1. Would you grab the residues whose amide H sits under 5 Å from the one on Q148? Only those 5+ places off in sequence or on another chain, please, with H modelled 1.01 Å from N.
2. If neighbour count is taken as other Cβ atoms inside 10 Å, put S225, S199, S266 in order from fewest to most.
3. Whole-Hz Karplus ³J(HN,Hα) for the stretch 470-479, in order, using 6.51 cos²θ - 1.76 cosθ + 1.60 and θ = phi - 60°, x for Gly and Pro?
4. Hey, rough spin-label estimate for E227 and Y498, points 7 angstrom out along Cα→Cβ, what's it come to in nanometres?
5. For T317 and K527 in one chain, what is 0.36 nm times their gap in residues minus the Cα-Cα distance, to one decimal in nm?
6. Given Y205, N267, A185, which one lies farthest toward the positive end of the charge dipole of the stretch 141-290, if we put +1 on the Cβ of every Lys and Arg and -1 on the Cβ of every Asp and Glu?
7. 7 Å from Cα along Cα→Cβ at both V55 and R402: what's the point-to-point distance in nm?
8. Using θ = phi - 60° and the Karplus curve 6.51 cos²θ - 1.76 cosθ + 1.60, what whole-Hz ³J(HN,Hα) does each residue of the stretch 348-358 get, with Gly and Pro shown as x?
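Throughout, read-outs are computed from the coordinates displayed, never taken from laboratory work. Since the structure is predicted, the reported quantities are computational estimates derived from the model, not experimental observations. Note: ideal-geometry Cβ built from the backbone for every residue, glycine included; neighbour counts use all protein chains shown.
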Amino acid sequence: MSRQLIKIPVSSPRLLASAIGVAITATSAAHMAQAAESTDSKAQGNSISLGATTVSGEQNEQSYQIEKADSPKYTAPLIDTPRSITVIPQQLIKDTAATSLQDALRTVPGITFGAGEGGNPQGDRPFIRGFDAQGDTYLDGVRDTGAQTREIFAVESIEVAKGPNSAFGGRGAAGGTINMVSKKAHLGNSFDGGYTWGSDQTQRYTLDGNYQFSDTVAGRLNLMSHESNVAGRDNVNYDRWGIAPSLAFGLGTDTRVNVDYYHMESNDLPDSGIPYGFSVGKTHTADSPDKPNDGGDSSNFYGLKDRDFRKTRADITTFSFEHDFSEDLHVKNTLRHGNTLQDYILTQPDDSKGNVNNGSVWRRANTRVSNTATTTNQTDLFGDVYIAGFKNSYSTGIELSRETSSKSSYTVNTSTTPGTAGGSNCTPGMIGAPSDWNCTSLGNPNANDPWNGSIARNYAGTDSANTTRAIYAMDTLELSPEWLLNMGLRYDHFETKYKSYTAAGATTYKGSDTSDFFSGQLGLVWKV
């Protein structure tokens, strides 16, 4: 009996798998051919009719896309408006977990924020393209004056126009404008609430509810409570709450009336940061500037819990009326009265005497008591009209407003003048009790120091009053489907009065000024 040995190559499994694959493919192809022949033969005898298929779609409510600005002064969709306008919609505010106007504007290029430098009050101080826009902030198209830290729990969206925009609001607006669109009552029932728990004892609760009372009447209520410390900073804390009810009549009809109220209060322990290294008599150059001093932990807080505070309050009531004469003609009137209060004493780690370079800090007290009241009535007539065969989307209006502001301060008695009569030179040995805790250590300050100075209102201050009377007209002229001409003109009559006085009420200065000026805009759009 003989044996025959068969050598099998290592690659045989691949060859076997390939063969099986070819066989399966061939078999499948054969069946497919038979199935095709069977289908063709049946199709010749019987035809099958399929029912109609309807495809529908709707806009994604969570989209970031905004087609048109809220203010009727913008007479064309954003895509056809020849200027840089950024809109922050409600969904983006939620997705970024923004809790204040400053938080929300961090998503907009070209905007920075100041921090009360140069004697400016605490609160929002945005710069648009390098220009101070503190007085160019609007609420529903109406100027919102008064130094405050603005919340956005009752804000639907934020519109930022970059570049000169005085045709929109008159004085100022060299860098642009910021317009906040408030949440208003609408048809339908809705409820949205949220909470945030975070590090540094952060707790935030919000509620947004809308209820339809009848076919044409609805109400909306927004509530907010916020409390938090600040990451990386000792002792600093923010505590605020707010309420914003809104009631609407005539919804879904040609005539609509809205009544809105906004109230917010805050009670904070403010932060002035860390001191700069300053050398008396030093020549400051670009190569040798002052810079923040490395006095230890960056979380050092140089204020005093027994002395420092910041309290604010805002009350804004708005009455608006809208009527549609036709699909192409509308009128809107907005009447608003707002009152903003700000009251604070905060510690500025003073560096003016060179103390920092000697390892000590003078706790200088910056104080302010201010009250700003504004009453504004704004009427807009807008729509579409054809003139000589060309479509004009226009908006005309009249604005009447009066703003009054009073500012005074506190007298903070430090009870001692350490080192020099200037009272801000912390000589060696004056840190702590010898200076009544007005001098503290650069590297190890204590916010719980038992400061025992006195605080009294200083009624010496200033009053100012501004009156504006303005008329304006905006138009988008459609020359052709590809060419659009955007035009705008505004005339302002502006009066300002100013008075400073002593604590006893004696006037030390009094002045006034009147200005009449035009503002305009012109832009051309070519759509390819």
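1. Amide H to amide H, under 5 Å and 5 or more residues apart or across chains, Q148 pairs with D124.
2. Going from sparsest to densest Cβ surroundings: S199, S225, S266.
3. With coefficients 6.51, -1.76 and 1.60, one gets 9, 9, 8, 8, 10, 8, 10, 9, 8, 6 Hz.
4. For E227 paired with Y498, the spin-label model returns 4.3 nm.
5. 71.4 nm
6. Selected residue: A185.
7. Distance between label points: 6.2 nm.
8. 9, x, 6, 10, 6, 10, x, 4, 4, 5, 9
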